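Below: one structure, written as structure tokens.
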Amino acid sequence: MEVAILFIMVIGLMLIGVPIAVSLGLSSILFLLVLSDTSLASIAQTLFQAMAGHYTLLAIPFFVLASTFMSTGGVARRIIRFSIAIVGHFPGGLAIAGVFACMMFAALSGSSPATVVAIGSIVIAGMRQVGYSKDFAAGVIANAGTLGILIPPSIVMVVYASATDVSVGRMFLAGVIPGLMAGTMLMLTIYGIAKVRNLPKGEWQGWGEVLESGFDAGWGLFLIVIILGGIYGGIFTPTEAAAVAAVYAFFIASFVYRDMGPLHRTDGQRNLTLLQKPIALVTAFFHRDTKNTLFEAGKLTVTLMFIIANALILKHVLTDEQIPQQIASAMLDAGFNWWVFLIIVNVILLIGGQFMEPSGLIVIVAPLVFPIAIELGIDPIHLGIIMVVNMEIGMITPPVGLNLFVTSGVAGMPMMRVVRASLPFLAVLFVFLILVTYIPAISTWLPTTFMGPEIIIN
Amino acid sequence: ACDDGEIVIKFSHVTNTDRHPKGIAATMLMERVNTEMDGTACMEVFPNSTLYNDDQVLEAMLQGDVQMAAPSLSKFEQFTKQFRIFDLPFMFKNIAAVDEFQNSETGQAMKASMTRRGLLGLEFWHNGMKQMSAKKPLISPADAKGMKFRVQNSDVLKAQMAAMGASPQPMAFSEVYGALQTGVVDGQENTWSNIYGQKFFEVQDGITETNHGIIDYMVVTSVDWWESLDADVRDQLATILNEVTTERNAVVGEVDDQARQAIVDAGSTIRELDEEQRQVWVDAMKPVWEEFVEDVGQENIDAAQAINAKH
Amino acid sequence: MSARYEPQTMLGRLVHEIEETVIALLLGAMTIITFINVVLRYVFNTGLIWGLEAVTFLFAWLVLFGISYAVKITANLGVDAVINLFSPPVRRMLALTAGAVCIVYAGLLMKGAWDYWANFANLPQTTGRWFPTGLQEMRMTNYRGWYEVVDIPLPEWLRWIEPLMNEGEEYEKIPRFIPYFILPFGIALLLFRFVQATWRIWTGQAQTLIVSHEAEEAIDEVAHMNRGD
Ligand code: NA
Ligand code: NA
């Protein structure tokens, strides 16, 4: 009963325009002060330890930073050119290339909205030029952009791993097959629609263009190798991988692509080379563009972590009142089996996804459902992927969907039109959710093959 | 949940509730308190670091937000450097010697040594003797030269790894399995039950039975809270805790043996050291004692060695 | 959609620049330290033992320093689907209510942050459960200036704090009151910014405390590319 009041208070505050973080935090504080002996000082401790005590969450600022360097540094443009060279000549080619580009950018970035902004801003304009409707273009990108959190690296996976103490490396591996699968399903759907509706296709530009564009994009795409190769090759932990990715992205953006930094020149002049201006090796670190990128990434980290930290306060309250145990025993006493339980999890997350930013929602829901899932013999990695796919769907369903909003902004069209445009592809993602929910092997096969069976330590 | 009017005792720890020696003991303590002291006191156990980790829990205890915890002994170094004696390599021959030392006058005095800082030690709980493992066979400490070893955050343990010529790497416990598997670190040290529970043996060449150190815990409470209890409540609680401690500490050797056997059964290699090989390790690590003798106190080392001689 | 924040006065511009620079520096330092530690370990088989702990503290500093800035530029995420259904006067009332809620939140946190930090700095906590009703009577166990962090050694130039904070005893590591100081500091700034933001709503200079979505600014930058049908 008290829990119901707690959650109603959280949602009520959000709906009258209180920031999400404050809604979570204040409701938790009031709850603790009324119902327990715990002090306000312990809330402050939880807030501080949200950052200082969760080593895994450190990956978030680093992945955000890498992604920011990649977006401002011209990587998206090169990836799109490469995608068009490969799949542009199929029916619906440019749309398929858009999905393909989203998949590649997703492999560099940990967030979905970032993927939509980076790829969508260019591809939607390009698709309209060659004769696609704006709605179709927006629908494709809004959906494909959600792959940003399913294809590793993924901020949402980092948060899940941190909340449940599973390995981040394992979660990342688990996302690979579902990510490729969801992307393929979207591309096949577009291909089918293109055949029926006779959508425009591009021209095959030859292997030369594939190689040249591939090489140009390769500098950026090599980041995938660094992240996954570094983690599984024993060079660094997933958190460190994120920091290395950020440093690499800085070098590529400043010294190779030179779309920013001391070697970049505006008004159409050729960018400088390092030979012409070797001092750039030093000045790049202090350049205005570098500072602005660091600052933009820092700002995004702050807003994201403010929500996560307050969600952790809520989690602390739930734990302190032993609510996960109560819910677990109630559910187990009711005799739920694993597939009914997973339906419930899906419904909770789809509803929660209407109000909450994905990372914050995971922090709150994961500790509630995780113990039950383990009790029912569900693989924790499988549960994690189910959660991530739910978050994807939450991002493109009204009223609150990050990707819907971002797409409507990027495409310059009203949100409800984006919603309608997304529907056919949303149906695809729902089918995909059902597949992922009831075929655990899609998520667990790759990590089990590479890293052995999941061990449940707790 | 607790009834109104009962004294709420929150016990926070970092392991599971039913397989780890500490978790089992905490659960047993909770069950006994909740039956025998029903109406007076009520214990809630928060396992798996769900409420606090070992570092945060001591702050929270001083603040009055949690009443009992059982952190690993290395966590108390910050309160009194004497506790570094439990991290010094080859200080104790076996768990029986540890037990005798903890129950000696010196050991009992250590429990009360932090009262000026606000903490009171109640009982010692055993986990067991530490073993070494790495990606390559470890027969002599020289084999560890140039390798990266994960250690708990403790200056003594870092010095111990350095004495072996290995590079100490602090790392969150949850990252260790993955790091050993991929090779971010090459080796680690732990008790049999931890090595088995965390499946570290799967991703190591083998385990060397060094018995070079111990992992033990101390059940602590805050002085303020403990003194606020009525004398009879405090006595009853202390008695139950003492009985649980005796019962669990007596069987910890069995738990260790089972874990060791399970690792053998899983096909992992266990390397035993003969007297001579062991002496090489002891000699290599002697400088660590000298480094920390001032913190630990020569008289405490002497007391430990006198007990060792009997075992 | 809210307009980009523009500082109005000279002092405002200076503060703004300082805030942005500190955020950039903190994130930059976190990245560099982590990167150096990877190189040291993988290439040179060594490492900065204190690196990990330092980075986690910088992370806490980044976020706790940054949240007040996020309030100032109205960057905190929220849900605006419902408030947009109402007429402007109702919306104004809701925004003022939301502002009051935020001030209460920051006020309670302020007490918590002070109480948590104070004993580590040998200062008294406040008494009272909800609101500060006075100052704690300090007993020996309340002086926690001796309490050190786990890994970061005390730099030599900070030795002068030993007689002040640790009864002249030597610190091996930095004492906890240093990294924890960001709590009362950051929350005080947060409280100030929430009061300021609510005042701006009261005087009609602002309409809301929230931005609907994290990528709003980035969208503004690219939206012109796809305007029109
Ligand atoms: Na991604
Ligand atoms: Na939604």
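The values are calculated or read from the model by the stated rules, or taken from the named source; none is laboratory data. Note that the structure is a prediction, hence the values are computed from the model and not measured. Heads up, the Cβs are rebuilt from the backbone with ideal geometry, glycines too, and the neighbour counts pull from every protein chain shown.
Scanning segment B:80-127 for residues that are closer than 25 Å to B:Val288 by Cα, small (Gly, Ala, Ser) and assigned to a loop (DSSP other than H, G, I, E, B) gives B:Ser104, B:Ser113.
Highlighted here are the helices (runs of 4 or more DSSP H) found entirely within segment A:268-371 that include at least 3 residues which are away from every other protein chain (no Cβ under 14 Å): A:280-283, A:323-333, A:338-352. Put simply, of A:Met387, A:Met391, A:Met415 the only residue that is within 13 Å of ligand 2 (Cβ to nearest atom) and either over 21 Å from A:Pro358 (Cα atoms) or within 18 Å of the chain's Cα centre (by Cα) (or both) is A:Met391. Here's a check for you: in segment A:134-151, which residue that is in a helix (DSSP H, G or I) and within 11 Å of ligand 1 (Cβ to nearest atom) is farthest from the other protein chains (Cβ to nearest Cβ)? Checking each candidate, the answer is A:Leu147.
Scanning segment A:7-58 for residues that are of a type in the set (Gly, Ala, Ser) and either under 28 Å from A:Ile348 (Cα atoms) or surrounded by fewer than 21 Cβ atoms within 10 Å (Cβ to Cβ) (or both) yields A:Gly12, A:Gly17, A:Ala21, A:Ser23, A:Gly25, A:Ser27, A:Ser28, A:Ser36, A:Ala50, A:Gly53.
Yes/no per residue for (1) under 30 Å from B:Gln67 (Cβ atoms); (2) in a helix (DSSP H, G or I); (3) in contact (Cβ under 8 Å) with a residue 60 or more places away in the chain:
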position: A:Leu6; (1), (2), (3): yes, yes, yes
position: A:Leu24; (1), (2), (3): yes, yes, yes
position: A:Phe31; (1), (2), (3): yes, yes, yes
position: A:Ser42; (1), (2), (3): yes, yes, yes
position: A:Phe48; (1), (2), (3): yes, yes, no
position: A:Met51; (1), (2), (3): yes, yes, yes
position: A:Val64; (1), (2), (3): no, yes, yes
position: A:Thr68; (1), (2), (3): no, yes, yes
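Against the conditions (1) buried (at least 24 other Cβ atoms within 10 Å of the Cβ); (2) within 14 Å of chain C (Cβ to nearest Cβ), where does A:Pro414 fall short? Just the number, please. So A:Pro414 meets the others, but not (1). Applying a threshold of 7 Å to beta carbon distances and a minimum spacing of six or more residues, or different chains, the list of pairs starting in segment B:1-28 at a residue that is at the interface with chain A (Cβ under 10 Å from one of its Cβ atoms) and within 20 Å of A:Asp320 (Cβ to Cβ) and ending at one that is part of a strand (DSSP E or B) and modelled with pLDDT under 85 is empty. A count restricted to segment C:61-96 and to residues that are part of a helix (DSSP H, G or I), more than 22 Å from A:Glu357 (Cβ to Cβ) and either within 16 Å of the chain's Cα centre (by Cα) or more than 9 Å from chain A (Cβ to nearest Cβ) (or both) stands at 7. Scanning segment C:1-57 for residues that are farther than 22 Å from A:Gly298 by Cβ and either within 16 Å of the chain's Cα centre (by Cα) or assigned to a helix (DSSP H, G or I) (or both) returns C:Met10, C:Leu11, C:Val39, C:Leu40, C:Arg41, C:Tyr42, C:Val43, C:Phe44. Among the conditions (1) hydrophobic (A, V, I, L, M, F, W, C); (2) within 30 Å of B:Ala179 (Cα to Cα); (3) buried (at least 19 other Cβ atoms within 10 Å of the Cβ), A:Met331 misses just one, which is (2).
Reported count of residues in segment A:48-57, each being in contact with a Leu (Cβ under 7 Å, 6 or more places away or on another chain) and more than 7 Å from chain C (Cβ to nearest Cβ), is 1.
Being part of a helix (DSSP H, G or I) and in contact with a helix residue (DSSP H, G or I) (Cβ under 6 Å, 6 or more places away or on another chain) is a property that A:Leu108 lacks.
Is it fair to say A:Gly74 is away from ligand 1 (no atom under 16 Å from the Cβ), farther than 30 Å from C:Ile178 by Cα and in contact with an Asp or Glu (Cβ under 8 Å, 6 or more places away or on another chain)?
yes
In segment C:124-145, the qualifying residues are those that are touching a residue at least 12 places away in the same chain (Cβ under 8 Å) and over 25 Å from the mean Cα position of the chain (by Cα), and the one that is surrounded by the most Cβ atoms within 10 Å (Cβ to Cβ) is C:Tyr143. When A:Ser112, A:Ser154, A:Ser167 are checked against the criterion of being of a type in the set (S, T, N, Q) and more than 10 Å from ligand 1 (Cβ to nearest atom), A:Ser167 stands alone in meeting it.
Quick one: in segment A:59-76, which of the residues that are of a type in the set (A, V, I, L, M, F, W, C) and at the interface with chain C (Cβ under 8 Å from one of its Cβ atoms) is surrounded by the most Cβ atoms within 10 Å (Cβ to Cβ)? Show your work before the answer.
In the first step, residues of segment A:59-76 are kept if they are of a type in the set (A, V, I, L, M, F, W, C); the result is A:59-60, A:62-66, A:69-70, A:75-76.
When the remaining residues are screened for being at the interface with chain C (Cβ under 8 Å from one of its Cβ atoms), the result is A:62, A:65.
On the way: A:Phe62: 30, A:Leu65: 28.
The qualifying residue surrounded by the most Cβ atoms within 10 Å (Cβ to Cβ) is A:Phe62.
Residue count for segment C:1-43, restricted to those that are in contact with a Leu (Cβ under 9 Å, 6 or more places away or on another chain) and free of Cβ contacts under 8 Å to residues at least 24 places away in the same chain: 9. Within segment A:170-224, restricting attention to residues that are among the small types (Gly, Ala, Ser) and within 16 Å of ligand 1 (Cβ to nearest atom), which residue is farthest from A:Phe90 (Cα to Cα)? So the residue we want is A:Ala174.
Residues in segment B:178-226 that are part of a helix (DSSP H, G or I), more than 19 Å from the chain's Cα centre (by Cα) and facing another protein chain (nearest Cβ under 10 Å): B:Gly178, B:Ala179, B:Leu180, B:Gln181, B:Thr182, B:Glu202, B:Val203, B:Val223, B:Asp224. Restricting attention to segment B:199-223, the residues that are over 23 Å from B:Glu272 (Cβ atoms) and β-branched (Val, Ile, Thr) total 4.
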